[in-house]
Structure formats: C-alpha cells, structure tokens
Amino acid sequence: MKYSEIVKLYSALEATTKKLEKRDILSNFLKEVPVDLLPTVVILSMGRVFPAWKETELGIAENIMIKTISKITGISETKVKEQVRKAGDMGIAVKNLLGKKSQTTLFKKELTVEKVFKNLNKIPTVAGSGSIDKKIALLSELLTSATPEEGKYITRTVLEELRIGVGEGIVRDAIAKAFNVPPDVVETAYSVRNDFGEIAQIAKEKGVEGLKKLDLKLGRPIKPMLAQKVQTIEEGLKDMGGIAAFEYKYDGMRAQIHFDHGKVTVFTRRLDNVTKQFPEIVEYAKECIDAENCIIEGEAVGIDPKTGRPQPFQRLSQRIKRKYGIKEMMKEIPVEVNLFDIMYLNNENYVKKPFEERRKTLERIIKVIPRKFQLAVQIVSSDPKEVSKFYKKSLSLGHEGIMIKNLKSPYTPGSRVKHMYKLKPEKETLDLVIIGAIWGEGRRSKWLGSFILGARDSDTNQFVEVGKVATGLTDKNLEDLTNTLKPLIVEEHIKEVKLKPELVVEVGYEEIQKSPTYESGFALRFPRVRRIRDDKGPEDADDLERISILYEAQKGKK
Ligand code: AMP
C-alpha cells in the first residue's frame, strides 16, 4: 500500500474534530485495507509503531531528528532548530523544509506503508558504536523519498506525536463499524489483548464469534480492574451485601506480573513493560510462585531502607523511568510487593471466578517472603467497628487507606467497577493535565510559575482548560517542573507557553464553579497541586464528565 494513502487518511482525520466523523473516516479506510496489512495500518493510525506493552521503543529524540533533517536538506542544525521553533511543530517544519528542498534525487522511489514500517521497526534493533548514525540513515532513507506531506507525518510518527486526535474509543468504534461487530465486543476483546491490530484482523476474518473467543495471553497485559470511591465504610459494606474483604490500600505502583515457566514480565497499570527496571520483582516471582504459569497482580511499594516504612510514591516513580543505574536504585528504594489478585493460572482463565476463590488460590501458589513478596493484608468482615480499626491501622502504617472488595465478584478488566471500592481520608481530588504554563516573575522568572490545567473532553479527545494553578509548589518543585515541561513546549507566546498534554498532576481545590469564560464550562476555585502523578498518562486524567458529576454532588451537599 502506498504511504501516500495513509497520509491522506491522517490529513482527513486531522481536519475534523468531530468524533463521529473521525470514526467514519477511519472505518471506511479500514474496510479497504488487505487483512495482512491491518495490524500495521491500525497501529500507525494510533500514532505508534510498537504497542506500549512491548519492551521495544523507538526512542528517537528531537535532536536526532534535527540531525537527520539537517543531513538530508543540507541546512545547518541551528537553522533547522530555528524553523522548528518558528513552526511550533517539528512535523510542519519538516514539511516546509522538504518543500523548499531542490529535487536532487532523480529516481525517487514512492514510499509504501510496508517500507516505512520496516525501517521504523529496524530502529530499536541497531545498537553499539555508530548506532546513532545507523538510525539517522534509516530515517534519511525514508525522508529523502518522502513528499513534504509524507515527511510531516513520518516525523510526527517517529516522535510519537501524531496529533490527529484518534484515541482508543475512536479506533474501537471504527473497527466495530468497518466489520459490523458491536463496539462492546471489540472493547472486551481489547481489554484482554490490548492490540487493536490483531482485533481488527479477527473482526474482519472471524466476526463476533472470533472476537468472543479471544482469551488472556501470557506476556500480553490485561487492562486492570479499577476501583470506585466511597466516602464511608458503611456505604461500601452496604453495596457489597453486608460482608466484604478489606485490604490495606498500598501507595505504590500497580504491578501485573506474568509468569511463564520461569520467564517473568512486569507491567504497570498503563501496561508499560517495566521488567528491566525491577529485577528484584523478577527474582521474587521466580522464587515464590509455585505454578507452571500465571498472571497475578499486586502493589509494589517503595520502602525506606532505614525505617522500613513506605516511601512516598514520588520516590518510587524515579525507578519506573530509570533505564540505567538500576542496581543502585534497588538499594536506595527497594520494593515490597503486596499481591492482591490472580487472573490466570496453569493455562486457565480465572477472571470469572469469585474474588474469594481467587484470593485462596493466590495464597496457595505463593510462598511468601515477608516484607518482600507477600499477600496484601486482608480481613473479611461485616462489622463496621472492626473495619474502622483496620482502616486506622492501615493509615498508621503509612498506607493510603483501604480497599473494599466483593467476595463473590469476578475480575472485570478495564472497568471501574462497583465491586471494588477505595476509601481514603482526603477530600476528592482531580487528576488533570498541564496543557500550558506562564513564566514566573522576578526571582522566579527562569522557571515556569503558573500552570494551566486541562481536563479531558472525551468526545474530542482534546484537553480543555479548567483552571490555573500557582500554589502548592516550592522553588524546587518549580525548577523540577520547568525541566520536565520544557521539552513539551509546542508554542511560545511572550510569557505563555502551550504544552503537549502529557504531565498529569493531582489537584485539590475548594470548589468547582460553572465558568462562562473557559471552553470547558467549569473552573476550579483555589486549585492546589498535591503531587505529580507520573504513574498516570493523559488518557487516565479525569474528564469533563467526572467534573460535572462532582459539581452536581457538591451542589447536593450545599
Ligand atoms: P487509585 O489509583 O486512587 O484509583 O486507587 C486504585 C489503586 O490502588 C489500584 O490501581 C492499585 O494500584 C492500588 N492498590 C493498593 N492496594 C491495593 C489493594 N489491596 N487492592 C487493589 N488495589 C490496590
């Protein structure tokens, strides 16, 4: 397939903000794609080359892209950088520069989707000395054959910022429409396979029946089951039918551990593969799991080696991102894994089994190493007084709160369910994305000083402003935030910058108000940053729907 065809698709998708139109454009396109090429087209339309759950990453930074462009256009790196700054988007800058370039390549080969995908796939495989040059050569080969418009999208794909506003929801609905299958069947298949390419292929070839047969697969992460919030123990107990399991709510990283005859893979709640970052989890799993294969889940908590108490999540999050110096980090922030669920055992799917049975199974197959690889502390109770004591004990040990779980319920991948609740002492907070910032004044002028908070608009998959925050941050915070946010700057206007929506912060506030000035229709009164949630991505941020529910709930309390 010609790459220009997929470029036409990108342009059409970029040209509309309407969700249904995007769905129709993508669905019409998918209908025409040959079945063996569907996985490639689907993943490219999501702006990715590798799914997040693969350890493989493209890993091309802007500076490599700048070097590549300079090489193929003969323009100096400084000039290229200037163009990028002017255009505010590397893709557009490449388009402009390729447009200006004199056509020296006489026999330009027309690019195919297969060729682009092949070269991009080769990038992570080059290693060792001269690897940067080899990566540049692979990119140059594509860009010299590319038309300006193709160059724009190749660049954006390489930098993993396609910006055509196609999220998971649109892809799900487009596959459903293209191959005439219900969206919820696609959704369920996706929650266990996490690969829309594979799902599109099966939908086309085998229809609903084929999708329904899809099962969990070792090494392929499942979307985690999510909890809802409750305000009181009584509320939780009542919904669970008067008796429930209560567990400490540990504050760490959710770890989904896949074990297959001694091979261990660890995924985060965002389904990123973090096996390399946590060698001790791999060791514990090998030592403690008595099974041929299984998928289990727990919370990995960073422990202070001196006091033995849980460390704030912020410390542990440094380990999630670390690609080097892993041994030192392991000493500084060792983790303790608290296991709480099992979804698969010895080739059998366990998600439909009741929680009490899953917990018993987990107890049976895990040989506990105390304070390293253990089961989440649990009581089963129908007595609010007993639970209240348990809750206080959990908080006194430095945990976040408690989880309340229905003993009879299944594991429901990817859903925020009414059979698992969380209870925490603090007031409701919002997870929002920083979408812009304003440079500070006076002493703080070298740092970004206030931040524009965005909530997700699920209809358009865009982020819309709900407030500005400048409080809750120390000088050190501002410096760190500035460093984190600088590479995300996409546009700069005197004092204000527009940012790629990536960084999620947990925000406390006094009240949610209706706002005629903000496009979102809401404004937060006295927002305050509680902490940076780098365990969450923009797709996990709260949306306008949740804000409107909280707004209504707040009205109810007044
Ligand atoms: P939140 O991130 O506030 O939505 O809370 C839900 C998270 O609590 C889950 O995603 C887990 O990572 C974490 N968690 C901690 N302890 C437990 C537990 N005992 N059972 C289930 N989830 C837990």
Checklist entry - How about segment 97-127: which of its residues are modelled with pLDDT under 90 and within 27 Å of residue 34 (Cα to Cα)? => result 108, 109
Checklist entry - Taking only pairs six or more apart or across chains, which ones have beta-carbon atoms under 8 Å, a first residue in segment 389-410 that is over 18 Å from residue 301 (Cα atoms) and part of a loop (DSSP other than H, G, I, E, B), and a second residue that is away from the ligand (no atom under 14 Å from the Cβ) and β-branched (Val, Ile, Thr)? => result 407/243; 410/351
Checklist outcome for this item: Of the residues in segment 510-549, those that are hydroxyl-bearing (Ser, Thr, Tyr) and either at pLDDT 90 or above or open to solvent by 100 Å² or more (accessible area, probe 1.4 Å) (or both) number 1
Item to check | Residues satisfying the stated conditions in segment 266-284, i.e. within 14 Å of the ligand (Cβ to nearest atom) and not in a loop (DSSP other than H, G, I, E, B) | outcome: 266, 267
Checklist entry - Among the numbered criteria (1) farther than 21 Å from residue 365 by Cβ; (2) open to solvent by 10 Å² or more (accessible area, probe 1.4 Å); (3) modelled with pLDDT of 95 or more; (4) more than 15 Å from the ligand (Cβ to nearest atom), which single criterion is violated by residue 218? => result (1)
Next on the checklist: Six or more apart or on different chains, Cβ atoms under 8 Å: show the pairs whose first residue is in segment 508-528 and in contact (Cβ under 8 Å) with a residue 60 or more places away in the chain and whose second is of a type in the set (S, T, N, Q) and assigned to a strand (DSSP E or B).
Outcome noted: 522/513; 524/513
Checklist entry - Is at least one residue of segment 496-506 open to solvent by 10 Å² or more (accessible area, probe 1.4 Å) and more than 30 Å from residue 268 (Cα to Cα)? => result yes
Next on the checklist: Go through (1) more than 21 Å from residue 393 (Cα to Cα); (2) within 15 Å of the ligand (Cβ to nearest atom); (3) crowded, with 18+ Cβ neighbours inside 10 Å for residue 314 and report which single condition fails.
Outcome noted: (3)
Checklist outcome for this item: Those residues of segment 120-137 that are open to solvent by 20 Å² or more (accessible area, probe 1.4 Å), of a type outside the set (Gly, Ala, Ser) and in a helix (DSSP H, G or I) come to a total of 8
Item to check | segment 11-53, residues that are of a type in the set (Gly, Ala, Ser) and either touching a Pro at 6+ places or on another chain (Cβ under 8 Å) or in a loop (DSSP other than H, G, I, E, B) (or both) | outcome: 15, 47, 52
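A quick yes/no check of all residues on (1) surrounded by fewer than 22 Cβ atoms within 10 Å (Cβ to Cβ); (2) within 16 Å of the ligand (Cβ to nearest atom); (3) assigned to a strand (DSSP E or B); (4) assigned by TED's automatic domain parsing to the domain that holds residue 293:
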residue	(1), (2), (3), (4)
199	no, no, no, no
205	yes, no, no, no
209	yes, no, no, no
223	yes, yes, no, no
227	yes, yes, yes, no
238	yes, no, no, yes
251	yes, yes, no, yes
255	no, yes, yes, yes
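The values are calculated or read from the model by the stated rules, or taken from the named source; none is laboratory data. Keep in mind that this is a model prediction, so the values were computed, not measured. Virtual Cβ from ideal backbone geometry, glycine too; neighbours counted across all protein chains shown. When the accessible area is computed, the model is the full protein with side chains, heavy atoms only, and any ligands, DNA or RNA have been set aside. Shrake-Rupley method; radii C 1.70, N 1.55, O 1.52, S 1.80 Å.
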